[in-house]
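K.L.:
This is the structure I have questions about; it appears just below.
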Amino acid sequence: MEPMNDFFSMVHDFLLISLPKEQKCSPNTTRSYRKALELFLDYLEMAKGIPFNEITFDDIDRGALSAFLLYLEEERHCSVSTRNHRLHCIRAFFRYAAREDIANVKHFNEVQKVKSARQTKPLVEHMSETAVNAILQQPDTSTLMGKRNAFLMLLLYRTGVRVQELIDIKLCDLIVSSTSSLTVCGKGSKVRAIPLRDDTAKHLKYYLDMFHYDRVPYSREYLFYTIQNGRRKQMTADNVRYLLRKYGNQAREGCLEVPENVHPHLFRHSLAMSLYRNGVDLSLISQWLGHANIETTLIYAHADTEIKRRAIEQAVPADSPLKSHLEATRYTVNDKLLLKQLCGLK
């Protein structure tokens, strides 16, 4: 096998040394950078007809990167946010390459010319408690798998964890006592503890007795698993997404409030909205969800305000003099004054 050229040597050092060992990035973060670079290089091989192992820095310029991003949107049907994230990952690699070797600065400058696409910020998509309950009731709990799936969805909703955080939970991350809790490792390797409600803890004990009856203290076995070739394997995020889509479709037949696309993050948003509407402080919700800063959590306050405004607007007759006031320009979470008020600075 021929030795790697300078380009692939740099990719190797970035993915296997810089990100995990020097920058201490989490496996999930490293995986996202790896995926972005892999997609880009696969595209270059396809679009330019260059053998994969012969790709060099000279094959990558502003035009090639712009064409790749257009390919993501038009051929792979990626969202604008996904497109921008792929661009961010590729830029990070070229920034690293430029720091390591001054000869790569010109390539970094080419990549920097490609700008992120502007994206609108829609209101937070979430479900009503009626819709959530309809989905949670779908599994056939007379079967073993139905019991597992019912608890999985309940834990996903009650804790508001991300799907990767859910499938990464190990038995040693659980404290089952009079004050039960769960410890998860989120984005940026930030660890947080999540308290479990008494009824959730009760379901957890029931689940452990059924699916981990042979457990030992401080076990590093995954809480949720699948059986492959007679062995327990970590459940995948795709497994979870499949289950939620299936039960979402079933629930929608009897409950029109269930959205068409039920996915894991929808449960997270739904919990946050429920907490906010029940008077939980935004700073606590931010800590619960593991947000790096409270500005991220402000989307729930904005969404709740907008929903209330729409309800009022629908209730006011079209010929009412109040109608014109409802159409006035509204604040968004980007407004300095609103941000100060929501953060308690005003």
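K.L.:
I'd like to check something: does the range 167-187 contain any residue that is farther than 30 Å from Asn293 by Cβ, surrounded by fewer than 19 Cβ atoms within 10 Å (Cβ to Cβ), in contact (Cβ under 8 Å) with a residue 60 or more places away in the chain and of a type in the set (A, V, I, L, M, F, W, C)? So that I can check it myself, show each step before the final result.
P.N.:
First, the residues of the range 167-187 that are farther than 30 Å from Asn293 by Cβ: 171, 176-178.
Then drop every residue that is not surrounded by fewer than 19 Cβ atoms within 10 Å (Cβ to Cβ), which leaves 171, 176-178.
Filter again for in contact (Cβ under 8 Å) with a residue 60 or more places away in the chain, leaving none.
Checking the range 167-187: not a single residue is farther than 30 Å from Asn293 by Cβ, surrounded by fewer than 19 Cβ atoms within 10 Å (Cβ to Cβ), in contact (Cβ under 8 Å) with a residue 60 or more places away in the chain and of a type in the set (A, V, I, L, M, F, W, C).
Table: residues versus (1) at pLDDT 95 or above; (2) loosely packed, with under 12 Cβ neighbours inside 10 Å; (3) closer than 29 Å to Pro20 by Cα.
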residue: His212; (1), (2), (3): yes, no, no
residue: Arg215; (1), (2), (3): no, no, no
residue: Gly230; (1), (2), (3): no, yes, no
residue: Val240; (1), (2), (3): yes, no, yes
residue: Ala251; (1), (2), (3): yes, no, no
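K.L.:
If you go through the range 97-142 one residue at a time, how many are not aliphatic (A, V, I, L, M) and not in a loop (DSSP other than H, G, I, E, B)?
P.N.:
Taking the range 97-142 as the starting set, the residues that turn out to be not aliphatic (A, V, I, L, M) are 99-101, 104, 106-110, 112-113, 115-116, 118-122, 125-126, 128-130, 133, 137-142.
Filter once more, keeping what is not in a loop (DSSP other than H, G, I, E, B): 99-100, 104, 106-110, 112, 129-130, 133.
Counting residues in the range 97-142 that are not aliphatic (A, V, I, L, M) and not in a loop (DSSP other than H, G, I, E, B) gives 12.
K.L.:
Does Glu221 satisfy the condition of being at pLDDT 95 or above and either charged (D, E, K, R) or out of contact with any Leu (no Cβ under 8 Å at 6 or more places or on another chain) (or both)?
P.N.:
Values: at pLDDT 95 or above: yes; either charged (D, E, K, R) or out of contact with any Leu (no Cβ under 8 Å at 6 or more places or on another chain) (or both): yes.
Answer is yes for this residue.
K.L.:
Can you find even one residue in the range 49-67 that is at pLDDT below 95, part of a helix (DSSP H, G or I), surrounded by 14 or more Cβ atoms within 10 Å (Cβ to Cβ) and under 31 Å from the mean Cα position of the chain (by Cα)?
P.N.:
Scanning the range 49-67 turns up no residue that is at pLDDT below 95, part of a helix (DSSP H, G or I), surrounded by 14 or more Cβ atoms within 10 Å (Cβ to Cβ) and under 31 Å from the mean Cα position of the chain (by Cα).
K.L.:
Considering Arg95, Arg34, Arg86, Arg62, which residue is touching a Cys at 6+ places or on another chain (Cβ under 8 Å) and not aliphatic (A, V, I, L, M)?
P.N.:
Values: Arg95 fails: touching a Cys at 6+ places or on another chain (Cβ under 8 Å); Arg34 fails: touching a Cys at 6+ places or on another chain (Cβ under 8 Å); Arg62 fails: touching a Cys at 6+ places or on another chain (Cβ under 8 Å).
On inspection, the qualifying residue turns out to be Arg86.
K.L.:
Which pairs have Cβ atoms under 6 Å, sit 6 or more apart or on different chains, and link a residue in the range 93-117 that is more than 19 Å from Leu69 (Cβ to Cβ) and not assigned by TED's automatic domain parsing to the domain that holds Gln23 to one that is of a type outside the set (Gly, Ala, Ser) and surrounded by 13 or more Cβ atoms within 10 Å (Cβ to Cβ)?
P.N.:
none
K.L.:
Okay, next question. For the range 214-244, which positions are among the charged types (D, E, K, R), under 17 Å from the mean Cα position of the chain (by Cα) and over 30 Å from Gln287 (Cβ atoms)? Can you show your working first?
P.N.:
Just the residues of the range 214-244 that are among the charged types (D, E, K, R), to begin with: 214-215, 220-221, 231-233, 238, 241.
Remaining after also requiring under 17 Å from the mean Cα position of the chain (by Cα): 238, 241.
Answer for the range 214-244, where residues must be among the charged types (D, E, K, R), under 17 Å from the mean Cα position of the chain (by Cα) and over 30 Å from Gln287 (Cβ atoms): there is none.
K.L.:
Same structure, new question: Anything in the range 188-212 that is in a loop (DSSP other than H, G, I, E, B) and without any contact (Cβ under 8 Å) to a residue 60 or more places away in the chain? List them, or say none. Steps first, answer last, please.
P.N.:
We begin by selecting, within the range 188-212, every residue in a loop (DSSP other than H, G, I, E, B); these are 190, 196-197, 212.
Hits for the range 188-212 are Leu196, Arg197, His212.
K.L.:
Does the range 68-82 hold any residues that are part of a helix (DSSP H, G or I) and surrounded by fewer than 17 Cβ atoms within 10 Å (Cβ to Cβ), and which are they?
P.N.:
At the first step, the residues of the range 68-82 found to be part of a helix (DSSP H, G or I) are 68-74, 80-82.
If the condition is that a residue be part of a helix (DSSP H, G or I) and surrounded by fewer than 17 Cβ atoms within 10 Å (Cβ to Cβ), then Leu70, Glu73, Glu74, Val80, Ser81, Thr82 are the ones that fit.
K.L.:
Same structure, new question: From (1) more than 25 Å from the chain's Cα centre (by Cα); (2) more than 26 Å from Gly186 (Cβ to Cβ); (3) of a type in the set (Ser, Thr, Tyr), pick out the condition that doesn't hold for Tyr71.
P.N.:
(1)
K.L.:
Taking the range 107-137 as the search range and keeping residues that are buried (at least 19 other Cβ atoms within 10 Å of the Cβ) and over 24 Å from the mean Cα position of the chain (by Cα), which one is farthest from Leu243 (Cα to Cα)?
P.N.:
Result: His107.
K.L.:
Would you point out which residue out of Met10, Met4 is more than 31 Å from the chain's Cα centre (by Cα), among the aliphatic types (A, V, I, L, M) and either crowded, with 17+ Cβ neighbours inside 10 Å or in a loop (DSSP other than H, G, I, E, B) (or both)? Lay out the reasoning, then the answer.
P.N.:
On the way: Met10 fails: more than 31 Å from the chain's Cα centre (by Cα).
None of the other options fit; the residue is Met4.
K.L.:
Going by the structure shown, is Asp238 closer than 14 Å to Glu165 by Cα and either out of contact with any Gly (no Cβ under 9 Å at 6 or more places or on another chain) or basic (Lys, Arg) (or both)?
P.N.:
Values: closer than 14 Å to Glu165 by Cα: yes; either out of contact with any Gly (no Cβ under 9 Å at 6 or more places or on another chain) or basic (Lys, Arg) (or both): yes.
Considered against the rule, which asks whether it is closer than 14 Å to Glu165 by Cα and either out of contact with any Gly (no Cβ under 9 Å at 6 or more places or on another chain) or basic (Lys, Arg) (or both), Asp238 comes out as yes.
K.L.:
Next question. Is there a residue being more than 24 Å from Thr143 (Cα to Cα), outside any helix (DSSP H, G or I) and out of contact with any strand residue (DSSP E or B) (no Cβ under 7 Å at 6 or more places or on another chain) anywhere in the range 224-240? Step through it out loud before you land on a result.
P.N.:
Of the residues in the range 224-240, the ones more than 24 Å from Thr143 (Cα to Cα) are none.
No, every residue in the range 224-240 fails to be more than 24 Å from Thr143 (Cα to Cα), outside any helix (DSSP H, G or I) and out of contact with any strand residue (DSSP E or B) (no Cβ under 7 Å at 6 or more places or on another chain).
K.L.:
Looking at the range 213-234, I want the residues that are closer than 18 Å to Gln164 by Cβ and have a partner that is part of a loop (DSSP other than H, G, I, E, B) and β-branched (Val, Ile, Thr) with Cβ atoms under 9 Å, at least 6 apart or on another chain. Which pairs are those?
P.N.:
Tyr222/Ile169; Leu223/Ile169; Phe224/Ile169; Thr226/Thr236
K.L.:
If we scan the range 144-152, do we find a residue that is without any contact (Cβ under 8 Å) to a residue 12 or more places away in the chain, on the phi < 0 side of the Ramachandran plot, assigned to a loop (DSSP other than H, G, I, E, B) and surrounded by 13 or more Cβ atoms within 10 Å (Cβ to Cβ)? Give the derivation first.
P.N.:
Let us first name the residues in the range 144-152 that are without any contact (Cβ under 8 Å) to a residue 12 or more places away in the chain, namely 145-146.
Going one step further and asking which of them are on the phi < 0 side of the Ramachandran plot, we end up with 145-146.
So of that shortlist, the ones also assigned to a loop (DSSP other than H, G, I, E, B) come out as none.
The answer is no; no qualifying residue exists.
The values are calculated or read from the model by the stated rules, or taken from the named source; none is laboratory data. Quick caveat, the model's predicted, so the values are computed rather than measured. Cβ sites come from the backbone with ideal geometry, for glycine too, and all protein chains shown count toward neighbours.
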